[in-house]
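In what follows, a structure is listed as structure tokens, so that the remarks can point back to it.
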Amino acid sequence: MYRTAPHGFALRASPLEGGVTPREGQELPFVVIACFDPYVISTNISIQTKMVQTNGTNFLDSQSALEELKNYSCRDGLSATDLMDSKLHGGLTYNDFLVLPGFIDFPANAVSLESKFTKKIKLHAPFVSSPMDTVTETEMAVNMALLGGIGVIHHNCSVEDQAEMVRKVKKYENGFITDPVVLSPNHTVKDVRQIKENQGFSGIPITDTGKLHGKLVGIVSSRDIQFHGTDSTPLSEVMTKEVVTGKEGITLEEANQMLRQSKKGKLPVVDKDGNLRALLSRSDLMKNLHFPNASKDPETKQLLVSAAIGTRPDDRERLRKLVDAGLDVVILDSSQGNSVFQLEMVKWIKQEFKKLEVIAGNVVTREQAANLIAAGADGLRIGMGSGAACITQEVMACGRPQATAVFNVSQFAAKFGVPCIADGGISSIGDAVKALAMGASTAMMGRILAATSESPGQTVVRDGIRLKAYRGMGSLAAMDHRSSASADNAGLARYFSEGDKVRVAQGVSGLVAEKGSLREFLPYFIAGLQHSMQDIGVKSLDILRENVINGVIRFELRSSAALREGDVHGFYSYEKKLY
Ligand code: IMP
């Protein structure tokens, strides 16, 4: 039905134009249609149109529905290239478009989410936690890796502290809590009740110093304080002093066996002098036994961990210590990564640490990316101004709408086999799907992970709502942190140059509503992503990216009315519970 015409126009038979219904076997004239799509379904195909008559009206035979599709010059919806045509649509954010559904012939749990984090490292789940001091420290990094993603430890701290966090992740054994909440015998029943209320657990080991590494003198469980009316009673009066303990070096299996026999909820692990080294929780253990998708070094079986650094001379020393602690991937943390400092740092790292993978960024244009790729980056981080706590676009006038940035940079980087992280602005599973569809290999998240119990910092309760702090690394609060030693300040390193005297904030600080453990949140995100991929009709992220580029997966722009339609509407009141 098509003939190729000059200037990219397709020649098409007219039956569908103007509602004219053809007679069976009718010779059809050709008309020129003004649709040029590089992904035309087919050319030069002649379709036999079979007609049927119903109640005196001619219709195409339903059996020819699939054949009839070939009469269209392009698939329904827009190709990614057309969608991302900035001349027509400007820069797009995730909210500006939708992915059109495809064909389902597999269950959602058959969808593989395996994706590259760097040239050499693959993850089972394409999720990364941001290097921010309210997002990623040991606990977040351990749990992200256990669940198949990876955590990037922030550098708003001393070299020693950052290296210690890296070491703890590498030394982590499933199930052992290496920094449990500990109290002293002088703490009171009220303290335990508060911990239970804010953090949701009891079963607290008591040491003489009230700290980890102090001598274990007892344990307090909810049963110990359940019927104890007085808040002010010291724990020395209610704690259980006969404690079943495991000896340092105990394996998970042995510990599990002990917990089963003792019928206790917690097993403190002590060294030969009786000092508390770790804690094992029955409920954690049950969950921890199987993490088949954990991100591990195939040789050492240790969890994978990443950490961020700046590009100042001191950062070279910092990196040595992190590598000594077992670091797998370093991220050069800058809001504008296309700098001579970063190029030199990438080259130096590639020379100095042959096994270490280095991710450079942030970038939002092909030109920025090209420099870093040429310097030897094993991955790129994309995003400028899209983060939830970010005011860079407002203050610096620099940046790019995130979906457009991800599309342009990752399509370019893909030519060199360099995986990209879509960093910032992910506030739902749908955003992550769109980031991956635009070509990113992984999605980096800050705000939504800051809201989990594994992020650093205490939960506070206000008006009955559990809240946690979240702040941009370019916020004044983050930049003032340890400001006396500017080499240890990630905010300054990321957002400012040597010798800057006046600080200009590029981020805000505030509170986010807590949503429970990452152990529930990330599996929800992973399952949601699998369901979305099923709707799109692709069984793996590789196929997703491939089919976006070859034009099989299609998109639609959203008008502001479409945005409203896609949101809940028409209720007097409703509850939005996601998992
Ligand atoms: P979110 O997931 O939308 O919260 O975005 C997280 C990302 O925001 C981080 O990974 C950083 O790239 C970026 N970011 C962190 N702090 C700041 C800031 O202060 N200003 C601008 N961007 C920031």
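Read-outs: derived from the displayed coordinates by stated rules, not from any lab. What you see is a predicted model; the values in this text were computed from it and never measured. Neighbour counts are summed over all protein chains in view; Cβ atoms, including those assigned to glycine, are modelled from backbone coordinates with ideal geometry.
Data table
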item	result
Estimated distance in nm for a label pair at Thr459 and Val504, the labels positioned 7 Å out from Cα along Cα-to-Cβ	4.0 nm
FRET efficiency estimate (nearest 0.05) - Cβ-Cβ, Lys347 to Glu565, R0 41 angstrom	0.20
Distance between segment 409-450 and segment 305-379 - C-alpha centres, whole angstrom	19 Å
In Hz, Karplus ³J(HN,Hα) per residue of segment 400-413 (6.51, -1.76, 1.60; θ = phi - 60°; x = Gly, Pro)	7, x, 5, 5, 5, 4, 4, 4, 5, 6, 6, 5, 5, 4
DSSP beta bridge pairing in the chain, given as percent antiparallel to the nearest 5	60 percent
Helix 313-324 axis, angle to the chain major axis (alpha carbon atoms, nearest 10°)	80 degrees
Residue-span extension gain [Asp105 to Glu394] - 0.36 nm each, minus C-alpha spacing	99.5 nm
Segment 356-453 pair-distance distribution - Cα-Cα, 10 Å bins, rounded %	18, 49, 29, 4
Antiparallel content of DSSP bridges confined to segment 189-280, in %, to 5	85 percent
Distance (nanometres) between label positions extended 7 Å along Cα→Cβ at Glu520 and Thr230	3.6 nm
Over the chain, equivalent-ellipsoid semi-axes from the Cα gyration tensor in Å	52, 29, 22
Length gained when the stretch Lys247-Lys122 is fully extended (0.36 nm per residue, less Cα-Cα span)	41.4 nm
Over segment 189-280: Kirkwood hydrodynamic radius from C-alpha pairwise inverse distances, Å	13.6 Å
Extension gain (nm, one decimal) between Met51 and Glu556, 0.36 nm per residue minus Cα-Cα	178.6 nm
